[in-house]
Amino acid sequence: MPRLSDDRRRDRRDQIAAAALRCFVRDGFAGTSMADIITESGLSAGSIYSHFDSKAALLRHAIAEVLTARLASLQTGLDSRDRPTPADVLDQLLLEQDEPFEATASLLLQVWSQVPFERELAGLASAAVTDLLDVVTGALAPWGRERFGADADDRVRDAAGVVLAAMHGFVVRIVLQPGADREELRRSVVTGLAVSG
């Protein structure tokens with residue numbers, strides 16, 4: 001069999017990861033087997049296993065790709081706002097969500113539930129939170145300097161933590177109340193943060 005170029009290998013890994021994500025969303029992480037992913041991808045078992053040795057490795061790769069894309073998109077959205085407040089940053093975070101968001105939210109909760117059992121996934125999740133906190137903190141810095149002056153750094157970090165906690169709560173709520181009006185919930189969470197802040 002001919003050897004794949006680096007670009008083709010990367011494309012194949014992304015194809016496999018996309019198939020795995022579709023399975024995870026549809027059937028859950030625990031309910032998805034490697035055989036399901038093989039069928040979904042349309043590739044051979046040998047092809048799948050030459051790229052990923054396990055379902056957990058596939059999940060780590062897929063989540064890392066999704067997080068990288070989300071952070072880049074978030075940064076672009078925040079760069080277009082002038083001195084965003086915590087409510088503005090939360091609004092941008094919640095606007096960045098894919099459709100159907102309920103499936104994405106369910107997948108996020110599944111990933112979070114695996115963190116205590118998957119050391120590598122725990123490292124990935126921790127790094128993702130750190131990266132997201134850095135982006136949010138950076139976006140809030142101009143607002144913080146204007147509002148708090150010399151005390152801005154600690155307060156901006158605190159505000160960034162609140163923004164992330166609100167986003168996590170939004171994700172959990174969407175999963176726990178699947179019939180909830182997502183736009184109304186987004187509006188109420190963002191408004192609540194604006195009023196309190």
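Starting from residues that are touching a residue at least 40 places away in the same chain (Cβ under 8 Å) and hydrophobic (A, V, I, L, M, F, W, C), keep the ones in segment 126-159 and report whichever is farthest from Leu176 (Cα to Cα).
Trp143
Against the definition (at pLDDT below 90, open to solvent by 30 Å² or more (accessible area, probe 1.4 Å) and of a type in the set (Gly, Ala, Ser)), how does Ala127 come out, yes or no?
Taking the combined requirement at face value, the residue satisfies it.
Within segment 38-53, which residues are more than 19 Å from Asp6 (Cα to Cα) and either open to solvent by less than 40 Å² (accessible area, probe 1.4 Å) or in contact (Cβ under 8 Å) with a residue 40 or more places away in the chain (or both)?
Ile38, Ser41 - these are the residues of segment 38-53 that are more than 19 Å from Asp6 (Cα to Cα) and either open to solvent by less than 40 Å² (accessible area, probe 1.4 Å) or in contact (Cβ under 8 Å) with a residue 40 or more places away in the chain (or both).
State yes or no: is Arg119 open to solvent by 30 Å² or more (accessible area, probe 1.4 Å) and touching a Gly at 6+ places or on another chain (Cβ under 7 Å)?
no
Which residues, taken from segment 58-103, are open to solvent by 20 Å² or more (accessible area, probe 1.4 Å), farther than 16 Å from Asp131 by Cα and of a type in the set (Gly, Ala, Ser)?
Ser80, Ala103
Which residue out of Arg81, Arg9, Arg3, Arg60 is at pLDDT below 90 and within 22 Å of Thr104 (Cβ to Cβ)?
Answer to the selection: Arg60.
Just to verify a result, which residue in segment 144-166, among those that are buried (at least 19 other Cβ atoms within 10 Å of the Cβ) and not β-branched (Val, Ile, Thr), is farthest from the chain's Cα centre (by Cα)?
Only one residue tops the list, namely Gly144.
Please note which helices (runs of 4 or more DSSP H) are completely contained in segment 1-59 and include at least 3 residues that are hydrophobic (A, V, I, L, M, F, W, C).
Those helices (runs of 4 or more DSSP H) span 6-27, 34-41.
Does Ser106 satisfy the condition of being under 19 Å from the mean Cα position of the chain (by Cα), within 18 Å of Ile63 (Cα to Cα), surrounded by 14 or more Cβ atoms within 10 Å (Cβ to Cβ) and of a type in the set (Ser, Thr, Tyr)?
The answer is yes for Ser106.
The values are calculated or read from the model by the stated rules, or taken from the named source; none is laboratory data. Treat the numbers as computed from the prediction; the structure is a model and nothing was measured. Glycine gets a Cβ as well: all are built from the backbone with ideal geometry, and neighbour counts include every protein chain shown. Remember, those area values only see protein heavy atoms, side chains included, never the ligands or the DNA or RNA. Shrake-Rupley method; radii C 1.70, N 1.55, O 1.52, S 1.80 Å.
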